[in-house]
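Below is one structure, written out as structure tokens, with a few remarks after it.
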Amino acid sequence: MTSTPVASARAAPFPSAPQWRRARGLLRSWLPHLGWTIVSVGLFAAIWELCWYFGWADPRLLPPPHVFLSDLTGQAKFFNTAQRWQVGVDSNAGPSPAVAVLITILSSTMRVFAGLGLATVISICLGVAIRYFRLIEHLTLPTITLLAPVSPVAWLPVAIFLFGIGNGPAIFMVFVALFFHMILATITQIDGVNRNYINVARTMGASKWQIYRRVILPAILPGLLVVLRFNLFGAWMVVLIAEATGVGFGLGQVIMMARNTFNPSLVFFTIVIIGLLGFGCDFLLRQIQRRILYWLPNRTAGLADV
Amino acid sequence: MSEPAICCRGVGKVWAAGTERAHEALRGIDLIVEDGEFVVVLGPSGCGKSTLLYLIAGLEETSAGEIAAHGVPVTGPAPDRSLIFQETSLFPWLSVWQNVSFGLSLRGVGKAEQREISRQVLFRTGLTETFDKRPHELSGGMRQRVAVARALAMRPKVLLMDEPFAALDVQTRAKMQGFLLDVWRESGASVIFVTHHIDEAMALADRVVVCTARPGRIKDIVTIDRPRPRDPFASEAVALRRKLTELLSAEVDRAFAEQENVAIA
């Protein structure tokens with residue numbers, strides 16, 4: 001990386017001082033964040049509990065948090081959907097409840113990241129190629145624009161035709177739900193690059209390839225990371241739809257089973273898990289964003305401080 | 001007899017030629033800039049002065065006439081003709097020294113040599129302390145100085161400047177003009193400097209080229225041979241300012257009248 005000599009030159013006289021300052025700054029900036037997150041969620045839960053307390057919310061339909069969070073092991077048992085559909089498997093066979101929850105969470109998360117990763121890499125490559133080569137634009141852009149508005153639900157049968165049952169259709173669904181939008185977003189980002197940047201590089205004798213690699217790619221990176229963060233939530237939504245139908249296990253499958261067995265507690269319990277996972281992924285992505293976009297002042301690092 | 005730094009002959013530019021939105025930005029520009037000369041192009045807003053710079057830089061193609069740099073026809077951008085923009089154009093993802101050595105890195109110059117040349121250029125331009133900084137840590141004036149340093153690192157024979165100080169406050173602008181004159185004297189490059197500011201033109205130029213309203217043509221060329229730094233309140237300066245103001249205000253009136261006609265039509 002080009003920044004290495006700079007970093008070492010800066011860090012040389014006082015190796016620990018910047019790190020210490022950064023750690024303290026992080027702590028100071030995250031404490032209020034954490035506090036407000038707790039207050040916000042707590043407020044929401046309190047309103048729900050009040051509705052239950054005054055009898056406005058029927059606990060059989062809208063069980064409040066203290067009900068659906070009280071019996072964790074009982075809820076966790078339902079996650080053991082891994083082998084149920086196989087003939088001759090005892091309903092108590094399989095992993096313990098805690099392990100079952102873990103397997104379910106990991107498999108859903110894996111599908112989200114696989115789909116998101118594939119969609120990101122391929123759409124950025126293709127988006128750049130569309131702007132780089134006119135021919136590729138002519139060959140692909142009309143089709144992409146045509147397919148972009150198709151709802152993920154419409155792709156569901158296609159996913160099953162193509163990949164049957166398993167991880168394949170879920171990953172494909174996440175991919176296809178994000179891919180077209182991310183391509184169009186990449187192209188928009190490229191078109192929005194400050195002309196001065198490109199002209200500066202041109203007057204210095206940069207080739208087209210150098211302009212793309214040295215100017216356009218770093219210039220669109222902040223915007224792409226924001227797009228990626230928005231699409232992360234989209235990926236979580238789509239993976240549930242895919243899992244509800246095309247996969248043997250996963251969080252979507254649990255929700256589906258809860259619906260079929262009329263188990264609202266399990267629905268809300270699963271929603272809490274999904275919420276926590278999405279929140280965690282977003283946090284992770286924000287940290288990555290800060291790391292990669294070292295050149296932006298903190299205030300404008302995408303949506304980091306919004 | 002050596003070739004002039006820049007030679008424009010009958011240069012014209014029509015934007016969006018052949019379409020409904022076609023409009024003529026420049027017409028019949030004949031201009032010769034000698035080696036080491038400081039030429040200021042003065043004209044009302046939207047008269048095509050920036051277009052002229054883009055044509056000389058080779059970023060856009062002429063619609064008529066031809067441009068030669070040191071006798072060689074301009075067919076595209078070249079590192080010996082550096083363009084400096086009004087807005088900051090430093091790459092925010094690179095540190096100051098990496099910005100300054102950007103052009104060198106495009107040519108495949110080694111890292112150590114890049115750093116060394118950046119160090120020298122930043123030293124010469126009084127920016128040594130910014131070496132490791134990021135552009136967003138600098139003030140507007142400092143950023144434009146780094147932009148000048150970046151251009152100088154390419155050892156240009158011609159510096160093209162498109163209202164580089166227009167976004168700066170008056171005090172910073174005056175400082176920057178002094179800075180630019182120092183840089184110009186030291187580098188020996190020719191400068192073509194575009195502005196709509198009469199005082200700026202008077203402080204800097206060997207020759208002031210006054211442009212007409214659109215389409216831009218050369219209305220008059222005024223030679224200033226007073227030594228720099230120039231006292232803006234000397235009696236010759238007052239007379240010169242009156243002359244330039246009269247030349248320019250006629251064109252500003254025409255530009256306004258034209259805009260009103262467009263609005264009525």
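Points to keep in mind about this one:
- Set A:Ile171, A:Ile255, A:Ile190, A:Ile183: member being within 28 Å of A:Thr73 (Cα to Cα), touching a helix residue (DSSP H, G or I) at 6+ places or on another chain (Cβ under 9 Å) and either outside any helix (DSSP H, G or I) or away from chain B (no Cβ under 14 Å) (or both): A:Ile255
- Test: residue in the range B:70-78 that is facing chain A (nearest Cβ under 9 Å) and in contact (Cβ under 8 Å) with a residue 60 or more places away in the chain: no
- Unique residue being assigned by TED's automatic domain parsing to the domain that holds A:Tyr132 and either at positive phi or assigned to a helix (DSSP H, G or I) (or both) when the list is A:Leu285, A:Leu296: A:Leu285
- Residue count for the range B:82-107 satisfying the condition of being within 7 Å of chain A (Cβ to nearest Cβ) and among the small types (Gly, Ala, Ser): 4.
- Residue match in the range B:211-224 (condition: more than 12 Å from B:Leu42 (Cβ to Cβ) and free of Cβ contacts under 8 Å to residues at least 12 places away in the same chain): no
- Of the strands (runs of 3 or more DSSP E) lying entirely inside the range B:171-265, those containing at least 1 residues that are surrounded by fewer than 20 Cβ atoms within 10 Å (Cβ to Cβ) and modelled with pLDDT of 90 or more are B:207-211, B:218-223.
- Residue pairs meeting the criteria (Cβ under 6 Å; at least 6 apart or on separate chains; first without any contact (Cβ under 8 Å) to a residue 12 or more places away in the chain and on the phi > 0 side of the Ramachandran plot, in the range B:140-164; second part of a helix (DSSP H, G or I) and among the small types (Gly, Ala, Ser)): none
- The range B:29-53 - residue that is touching a Lys or Arg at 6+ places or on another chain (Cβ under 7 Å) and modelled with pLDDT under 90 and, of those, nearest to B:Arg214 (Cα to Cα): B:Cys47
- Residue match in the range B:111-130 (condition: in contact with a Pro (Cβ under 8 Å, 6 or more places away or on another chain), more than 22 Å from B:Val210 (Cβ to Cβ), in the same structural domain as B:Ala147 (by TED's automatic domain parsing) and without any contact (Cβ under 8 Å) to a residue 60 or more places away in the chain): yes
- The single condition among (1) surrounded by fewer than 21 Cβ atoms within 10 Å (Cβ to Cβ); (2) facing another protein chain (nearest Cβ under 10 Å) that B:Leu138 does not satisfy is (2).
- Residue within the range B:108-118 that is more than 10 Å from every other protein chain (Cβ to nearest Cβ), farther than 22 Å from A:Ser207 by Cβ, surrounded by fewer than 21 Cβ atoms within 10 Å (Cβ to Cβ) and touching a Phe, Trp or Tyr at 6+ places or on another chain (Cβ under 8 Å) present: no
- Of all residues in the range A:203-215 being more than 10 Å from chain B (Cβ to nearest Cβ) and in contact with a Phe, Trp or Tyr (Cβ under 8 Å, 6 or more places away or on another chain), the one that is surrounded by the fewest Cβ atoms within 10 Å (Cβ to Cβ): A:Lys208
- Failed item in (1) more than 10 Å from chain A (Cβ to nearest Cβ); (2) out of contact with any strand residue (DSSP E or B) (no Cβ under 6 Å at 6 or more places or on another chain); (3) over 22 Å from A:Pro218 (Cβ atoms), with B:Leu159 passing the rest: (2)
- Among residues of the range B:93-107, those that are within 26 Å of B:Ser50 (Cβ to Cβ) and surrounded by fewer than 18 Cβ atoms within 10 Å (Cβ to Cβ), counted: 0
- Considered as a group, the residues in the range B:83-95 that are modelled with pLDDT of 90 or more and closer than 19 Å to B:Leu159 by Cβ include one that is farthest from the chain's Cα centre (by Cα), and that residue is B:Leu90.
- The requirement of being among the aromatic types (Phe, Trp, Tyr), touching a helix residue (DSSP H, G or I) at 6+ places or on another chain (Cβ under 6 Å), over 30 Å from B:Gly12 (Cα atoms) and modelled with pLDDT of 90 or more is fulfilled nowhere in the range B:98-105; no residue meets it.
- Only one of B:Leu31, B:Leu55 that is farther than 24 Å from B:Asp182 by Cα, within 15 Å of the chain's Cα centre (by Cα), part of a strand (DSSP E or B) and more than 8 Å from every other protein chain (Cβ to nearest Cβ): B:Leu31
- Just so you know, in the range A:271-306 the residues that are exposed (fewer than 12 other Cβ atoms within 10 Å of the Cβ) and within 14 Å of chain B (Cβ to nearest Cβ) include one that is modelled with the highest pLDDT, and it is A:Arg291.
- Looking across A:Ile122, A:Ile165, one residue alone is of a type in the set (Val, Ile, Thr) and assigned to a helix (DSSP H, G or I). It is A:Ile122.
- Candidates are the residues of the range A:1-50 that are among the polar types (S, T, N, Q) and either at pLDDT 85 or above or assigned to a helix (DSSP H, G or I) (or both); the one that is farthest from B:Ser105 (Cα to Cα) is A:Ser40.
- Hits in the range A:233-252 (condition: within 19 Å of A:Asn80 (Cβ to Cβ) and assigned to a helix (DSSP H, G or I)): A:Leu240, A:Glu243, A:Ala244, A:Leu251, A:Gly252
The values are calculated or read from the model by the stated rules, or taken from the named source; none is laboratory data. Computed from a predicted structure; not experimentally measured. All Cβ positions, glycine included, derive from the backbone under ideal geometry; neighbour counts span all protein chains shown.
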